[in-house]
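**Q** Following this message is one structure expressed as structure tokens.
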Amino acid sequence: MLTNTPQSYGGVARTLHWLIALLILTAIGLGLYAEDLPRDSDAAVATLKTIYSLHKTIGVTVFFAALLRILWALSQPKPAPLHPERRLETFAAEAVHWALYGAMLVMPLSGWISHAAQAGFAPILWPFGQTLPFVPHSDALAHGFETLHKLSALVLYAALALHIAGALKHALIDRDATLARMTRGTAAGTPGAAHALGAPLLAALMLWAAVIGAGLTLPTPGRPAPQTQTATVQTGSWQVTEGTLGFTVQQMGAAVTGQLPVWSAAIDYDPTPGTGTVTVQIDTTALTLGSVTDQAKGADFFDTATHPTATFTAAITRQEGADHLATGTLTLRGAEVPVTLPFTLTLDGETATMQGQVTLDRRAFGMGTSYPDEGTVGFAVTVDVALTASRRD
Ligand code: HEM
Ligand code: HEM
């Protein structure tokens, strides 16, 4: 029989239960396995990508299967508890069931939102795209939901442990039909026996509200809180009031954007001939690059342990027409490379707004020698600079 009765789970409910159980256990296995995989070569990163793509695809499948399961459950009678007189046990079993329903939604959604906010590494293997409506690209959002994903996993472990321990207790100690009801569809329980109803649902809802609140506000473990540009010692005739320094690289064929949030600039600029000098000191240890920040800081890329500071020193000139050039040297990772940054400058009274973009080749800085082709990490790195400065008196 496909439908539930007041004493038994029908074929649809049982199939969905075991299908989702299998998918969730596989997703957990892949998630934990991927966490510990090495990321130090092309081959290792390709394996990692496959595992995460599988993990995400299975996770998204859980989400849709869970929606189906919830809609189905709403249309069906709920089989009566086997031991309604054991009030605490009935409460615990039902609270755990609701907590598991929460996990079926929160786990995939938190992973999916984090993925959509970041995009890039390890796509979901399906034809409908990698983004979500209403989810903007944002590192902060991605990290918030990543923390929620990890925290929710802990709740899922605890709920599953209780759930499986309960099933085993019924099968081995009570020797009742609880497990058989979910495996073979055996009928058991007193029809009409009361469910604990609202209280377990409320307990699970409160648990999930607390977890979602904590997950979205706690900083991601092992990741510094996002910083905005902090200009430390500034000299020169212009004072930077705000600015961003970002860079974009192709990773596995998808663009990933990182930030260098901590830097200071000494700018001398005279608008009448349109000439000047600029020196920018960049704290490379503060960089972020999506989910691969640690690798980007590692010895093969920015090597921030050995080279915590990068410097750009340049002369500013104005070209015919309006645009400017900053022509100088970028010292990064010990390599000194000539760089010309074209930029636009808008003067509004005592305030100047500049915006520039330049494309560099990571190989010029000896970056990513273990990625000798563009399969995993592209050669071209696009650097975007935007800042606002005001004239000192
Ligand atoms: C692999 C080990 C698992 C075992 C041995 C197991 C066993 C059972 C049993 C025996 C029941 C029936 C309880 C009753 O009639 O009161 C049940 C119900 C249930 N299980 Fe599991 N389960 C497992 C995994 C999971 C997973 C991974 C989830 C979801 C995250 C889950 C969610 C539920 C829910 C929500 C119910 C309540 C019935 C419903 O609304 O469909 N179970 N499980
Ligand atoms: C039923 C659904 C899911 C379950 C049970 C699940 C479970 C897990 C677990 C156990 C981990 C390891 C967490 C840790 O090490 O603390 C993990 C990590 C991860 N999951 Fe999921 N997941 C699910 C769905 C998804 C989905 C749908 C996506 C994306 C579309 C996703 C993306 C990720 C990512 C990117 C990580 C790595 C986080 C990091 O360490 O930076 N997951 N997941």
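The values are calculated or read from the model by the stated rules, or taken from the named source; none is laboratory data. What you see is a predicted model; the values in this text were computed from it and never measured. When we count neighbours, we look across all protein chains shown, and the Cβ atoms used for this are built from the backbone with ideal geometry, even at glycine.
**Q** Go through (1) surrounded by fewer than 21 Cβ atoms within 10 Å (Cβ to Cβ); (2) assigned to a helix (DSSP H, G or I) for Pro123 and report which single condition fails.
**A** (2)
**Q** In the range 239-285, which residue that is of a type in the set (Gly, Ala, Ser) and within 27 Å of Phe379 (Cβ to Cβ) is modelled with the lowest pLDDT?
**A** So the residue we want is Gly253.
**Q** Return the pair list, or none, for Cβ contacts closer than 7 Å from residues in the range 1-18 that are over 16 Å from Ala177 (Cα atoms) to residues that are within 16 Å of ligand 2 (Cβ to nearest atom) and at pLDDT 95 or above, at least 6 apart or on different chains.
**A** Qualifying pairs under 7 Å: Leu16/Ala65; Leu16/Leu68; Leu16/Arg69.
**Q** Considering only residues that are surrounded by fewer than 18 Cβ atoms within 10 Å (Cβ to Cβ) and aliphatic (A, V, I, L, M), which ones fall in the range 66-79?
**A** Listed by number, the residues that qualify are Leu67, Leu68, Ile70, Leu71, Ala73, Leu74.
**Q** Scan Ala140, Ala93 and give me the residue that is within 16 Å of ligand 1 (Cβ to nearest atom) and either surrounded by fewer than 16 Cβ atoms within 10 Å (Cβ to Cβ) or over 22 Å from Thr257 (Cα atoms) (or both).
**A** On inspection, the qualifying residue turns out to be Ala93.
**Q** While we're here: Can you tell me which condition Glu35 does not meet? The list is (1) at pLDDT 90 or above; (2) out of contact with any helix residue (DSSP H, G or I) (no Cβ under 6 Å at 6 or more places or on another chain); (3) of a type outside the set (Val, Ile, Thr), and all the others hold.
**A** Only one criterion in (1) at pLDDT 90 or above; (2) out of contact with any helix residue (DSSP H, G or I) (no Cβ under 6 Å at 6 or more places or on another chain); (3) of a type outside the set (Val, Ile, Thr) is unmet by Glu35, namely (1).
**Q** Could you grab me the full set of residues in the range 340-393 that are touching a Lys or Arg at 6+ places or on another chain (Cβ under 6 Å) and more than 25 Å from Leu48 (Cα to Cα)?
**A** Glu350, Phe365
**Q** Ile164 is checked against (1) within 19 Å of the chain's Cα centre (by Cα); (2) of a type in the set (Val, Ile, Thr); (3) more than 10 Å from ligand 2 (Cβ to nearest atom) and fails just one. What number does that condition carry?
**A** (1)
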